[in-house]
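The values are calculated or read from the model by the stated rules, or taken from the named source; none is laboratory data. These numbers were taken from a predicted model, which means no experiment stands behind them. Every residue, glycine as well, gets a Cβ built from its backbone with ideal geometry; the counts of neighbours run over all protein chains shown. Note: areas computed on protein heavy atoms with side chains; ligands, DNA, RNA excluded. Shrake-Rupley method; radii C 1.70, N 1.55, O 1.52, S 1.80 Å.
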Amino acid sequence: MKFFIDSADIGEIREALAMGMCDGVTTNPSLVAKTGKTFQTVIDEIVHTVPGPVSLEVTTNSYDEMLAQSEELASYGDNVVVKLPLTRPGLRACKALSEKSIATNVTLCFSPNQALLAAKAGATYISPFVGRLDDISSEGMAVVEDIVQIYNNYDMETQVLVASVRHPQHLVEAARLGAHVATLPLKVLDQMFNHPLTDSGLERFMADWEKVPTS
Ligand code: G3P
């Protein structure tokens, strides 16, 4: 399973890279806005730092504008993945980009039907937003389960990228279902390391080590 970091903050991304836990990065307009930097600065910082795929999102819902933006985004590096919304123009653009072998990440997916459409349009990744579904009392992981099963039924190549991850249990469930990728906020990656029994166990080992005679 691949771990992407869901952030446009180069400091966070470097931290995850140093831990060996960053196989790629996903960004979106909200994450870019949070940095307070220009999009160009964010692109320059991330695309050349991260060896793996970096999703950069278009900021329009017009097909022609999407194509123009996508060409520009793709020109920033071989690792750029163009992130497109799951709309009619978005999937039309996805089809056009897949015919040119430009990698795509179809975002804002909330149903298995939408995921099926994205796979038919040749998406490299589909991003179901599990946290936002949970927010409205829907079951985000049930959608992931359906998508994984549907893609497996037809040997579809689109990779399931679980997004809008809010807590470590989302990771456990995504991994159990066989999702190819999860994109994590750094906070969730940090939480995954934690277990109180690890802390108390280490404390006891350290204390006992002090009791071992040195001669
Ligand atoms: O990459 C987009 C997605 O992960 C958004 O997450 O927490 O804003 O629903 P969230």
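The portion of the accessible surface of the stretch 83-189 made up by carbon and sulfur, rounded to a whole percent, is 49 (1.4 Å probe; DNA, RNA and ligands excluded). For C109, the amide hydrogen comes within under 5 Å of the amide hydrogens of S127, F129, counting only partners 5 or more places away or on other chains and with H modelled in the peptide plane.
If a spin label sat at a point 7 angstrom from the Cα of F205 along the line to its beta carbon, no backbone N atom of the stretch 8-34 would be nearer than 17 Å. Backbone geometry of the stretch 141-147 corresponds, through the Karplus equation with coefficients 6.51, -1.76 and 1.60 at θ = phi - 60°, to 3J(HN,Hα) couplings of 5, 5, 5, 4, 4, 4, 5 Hz, x marking Gly and Pro. One decimal place: the segment E65-L197 gains 42.2 nm when fully extended, by the rule 0.36 nm per residue minus the C-alpha distance. Leaving out ligands and nucleic acids, and using a 1.4 Å probe, what accessible area per residue does the stretch 146-215 come to in Å²? Heavy-atom accessible area per residue stands at 68 Å². Taking every C-alpha pair closer than 8 Å and separated by at least 6 residues, the mean separation divided by the residue count of the chain gives a relative contact order of 17 percent.
Residues in the stretch 48-55 carry Karplus couplings, in order, of 8, 8, 9, x, x, x, 10, 7 Hz; the curve used is 6.51 cos²θ - 1.76 cosθ + 1.60 with θ = phi - 60°, and Gly or Pro positions show x.
The H on the amide N of V80, modeled in the peptide plane, is under 5 Å from the matching H of V54, each at least 5 residues off or on a different chain. Here K2 is the anchor, and the aspartates and glutamates within straight C-alpha reach of less than 13 Å, apart from those fewer than 8 places off in the same chain, are D23.
For an R0 of 25 angstrom, estimate the FRET efficiency from the Cβ-Cβ distance between K95 and I150 and round to the nearest 0.05.
Rounded to the nearest 0.05, the efficiency is 0.85.
Applying Stokes-Einstein at 10 °C and 1.306 mPa s to the Kirkwood radius of the stretch 113-215, computed over alpha-carbon pairs, gives a translational diffusion coefficient of 100 µm² s⁻¹. Put the Cα centre of the stretch 157-214 next to the Cα centre of the stretch 54-80 and the gap is 34 Å.
Rounded to the nearest whole Hz, the Karplus-based 3J(HN,Hα) values (6.51 cos²θ - 1.76 cosθ + 1.60, θ = phi - 60°) of the stretch 151-157 follow the sequence 5, 5, 4, 10, 6, 6, 8, with x at glycine and proline.
Take the Cα of A142, step 7 Å toward its Cβ, do the same at E72, and the gap between the two points is 4.2 nm. With respect to the chain, whose longest principal axis is taken over its alpha-carbon atoms, helix 168-177 is tilted by about 60°.
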